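For reference, the structure is listed below as C-alpha cells.
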Amino acid sequence: MARIRVLVVDDHRIFAESLAAALAAEPDVDVSAAGSGPAALRALERAAAEGRGYDVLLVDAELGGLTNGEPPAVPAPRQEEEAAAVDGIALVAGVRAARPAVRSVVLAEKDDPRAAARALQAGASGWVAKDCSLQRLLSVIRGVLRDETHLPPALLTGVLRELTAARKHRTESERLVESLTPREREVLRCMVAGLGRKAVAERLFLSPHTVRTHMQNVLGKLGVHSTLAAVALARRAGVGPADQALGRDVVERGGQLAE
C-alpha cells in the first residue's frame, strides 16, 4: 500500500497534535506536526535529504497570528525570509516554489473568500474548515494528490470574484510597470527588496541624486505617491525583489525605505 506522508503545520499545539493523531490512525497515512513555519521548512528539508519527502502540507491559515492571510506589504530589511516563513499563505508560496511536488491544503477556522483566493494564488490546492470531519479531510488530501482543487461550495463564488478582480488589477499594474525604462525597473526591484536610496545608489553604482530622480520617475509613472504604494503595485504586477544575496550587505549598511 502506497503511504501518504502528511505534515501538519499549526502553532496551536493541542490542535496540531490531535489532528496528527487522528490522521495517524489511518493505515495509509504517515503524519508529523510542526509548530511554526521555520519548523515546517526544516522538516521538509530533513525529509527530502532522507529521501522520504512529504506529499501533503496541512497549513493553518492563521499561522503566526496573521488573521487575514496577508504578509506585510514591505518586510523590513533582514526580516524578509522570517516573514515569508511565518505567515501561512506565504509559507505555501515558498513551498510551492521550492518543492512543487508537495501539495498544500490550508486549514481555516472561518470561510474567507479573499484569503482563500490568496491561498490558491500562492499555490494551495485546497481550503478546508478546521472543524470538518476526518473523512472530509482525508478525501481532500487524497484528491489534491490527484491534482484536484478543493474549495467549500459556499466559497466558490466569492473566490472566483476575488480571482477575477486580482487578474484585472494585475493587468493594469503590468501595463504601468511596462511604461518604465529598464533602469527604472531595476530601481523598482530594489525598492521591492526593501533597499533605500543610499543602498540603491551603491548597488547600481549611481549617485544618490540620480537614484532619487529615478525613484521620483517611478512613482510618477506608476501614479502613486509613496514607496509602499509602488511596491504594492509592483508585487501585483509580479515584479520580484532584486537579488537579496547580492544586496544584503548593502541593506545592512543603512537602507531604510525612502518615501
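The values are calculated or read from the model by the stated rules, or taken from the named source; none is laboratory data. Computed from a prediction, not measured in an experiment: that's the story for all the values here. Backbone-built Cβ (ideal geometry, glycine too); neighbour counts: all protein chains shown. Just so you know, the surface numbers come from the protein's heavy atoms only, side chains and all, with ligands and any DNA or RNA stripped out. Shrake-Rupley method; radii C 1.70, N 1.55, O 1.52, S 1.80 Å.
Descriptive notes on the structure:
- A 1.4 Å probe run over the range 8-66, with the rest of the protein chains in place, finds 46 Å² accessible per residue.
- For the range 115-240, the solvent-accessible area with a 1.4 angstrom probe is 51 square angstrom per residue.
- Inter-part distance where the range 31-64 and the range 217-231 are each reduced to a Cα centre, Å: 38
- Residue-span extension gain [Arg46 to Glu109] - 0.36 nm each, minus C-alpha spacing: 19.7 nm
- FRET efficiency for the pair Ala22 and Thr164, taken as 1/(1 + (r/R0)^6) with r the Cβ-Cβ distance and R0 = 45 Å, rounds to 0.75.
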